[in-house]
Amino acid sequence: MFRGRYQHTIDPKGRLSVPAKFRDALAQYGESLVVVPNEHSLEVHPLEEWQRIEEKLNAQSLFAPEVRQLSRLYISRAKDIALDGAGRILLPPDTRKQAGLEKEVTILGGGRKMFEVWDRARFDEYERTQGDALPTLFEKLSALGV
């Protein structure tokens, strides 16, 4: 699992250093990763975990409109990348653009089997505008028995 927040920068070549704690978590999966932009940021998945998402999607009807839309708008953006020997990932230019990433980023691990890379200013704004929802979210977790 990936957890915590880290401030990093993307170098002029598009490389991003992955936090050491995240590299430790990735060690169980190997060097193969998948990056995919979502509505706010860039998701980084170990290949093995991404394949589980694809398997679940492929178990759905090919003719379900939402499945087709999800495949076209989300899954099709996914790209295979690798962690290099220096613990960096090379983010393709079009993927960086789709995710709104330039230089200053916040890397977020939310306790899941993937992590997110946000434009730092965008995440700061997201946290500022969404932070008031935390008490309500805690109530929802309580209702789920967490």
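Values quoted throughout were computed directly from the atomic coordinates according to the rules given, and no laboratory measurement underlies them. Just so it is clear, the model here is predicted, and its values are computed rather than measured. Positions of Cβ are backbone-derived with ideal geometry, glycine not excepted, and every protein chain shown enters the neighbour counts.
The residue of segment 112-130 that is surrounded by the most Cβ atoms within 10 Å (Cβ to Cβ), among those that are charged (D, E, K, R) and more than 17 Å from the chain's Cα centre (by Cα), is Glu125.
All of Thr106, Thr136 fail the test of being part of a helix (DSSP H, G or I) and either farther than 28 Å from Arg15 by Cα or in contact (Cβ under 8 Å) with a residue 40 or more places away in the chain (or both), apart from Thr136. Selection of segment 86-111 for residues being surrounded by 12 or more Cβ atoms within 10 Å (Cβ to Cβ) and closer than 17 Å to Met1 by Cα yields Ile107, Leu108, Gly109, Gly110. Report whether or not Phe115 is without any contact (Cβ under 8 Å) to a residue 60 or more places away in the chain and of a type in the set (Phe, Trp, Tyr). Against the criterion (without any contact (Cβ under 8 Å) to a residue 60 or more places away in the chain and of a type in the set (Phe, Trp, Tyr)), Phe115 does not qualify.
Considering (1) part of a loop (DSSP other than H, G, I, E, B); (2) in contact with a helix residue (DSSP H, G or I) (Cβ under 9 Å, 6 or more places away or on another chain); (3) within 24 Å of Lys21 (Cβ to Cβ), the lone condition that Ala86 does not fulfil carries the number (2).
In the list Ser71, Ser76, which residue meets the criterion of being surrounded by 12 or more Cβ atoms within 10 Å (Cβ to Cβ), assigned to a helix (DSSP H, G or I) and on the phi < 0 side of the Ramachandran plot?
Result of the check over Ser71, Ser76: Ser71.
For segment 63-83, what are the residues that are free of Cβ contacts under 8 Å to residues at least 24 places away in the same chain and of a type outside the set (Ser, Thr, Tyr)? Phe63, Ala64, Pro65, Glu66, Val67, Arg68, Gln69, Leu70, Arg72, Leu73 - these are the residues of segment 63-83 that are free of Cβ contacts under 8 Å to residues at least 24 places away in the same chain and of a type outside the set (Ser, Thr, Tyr).
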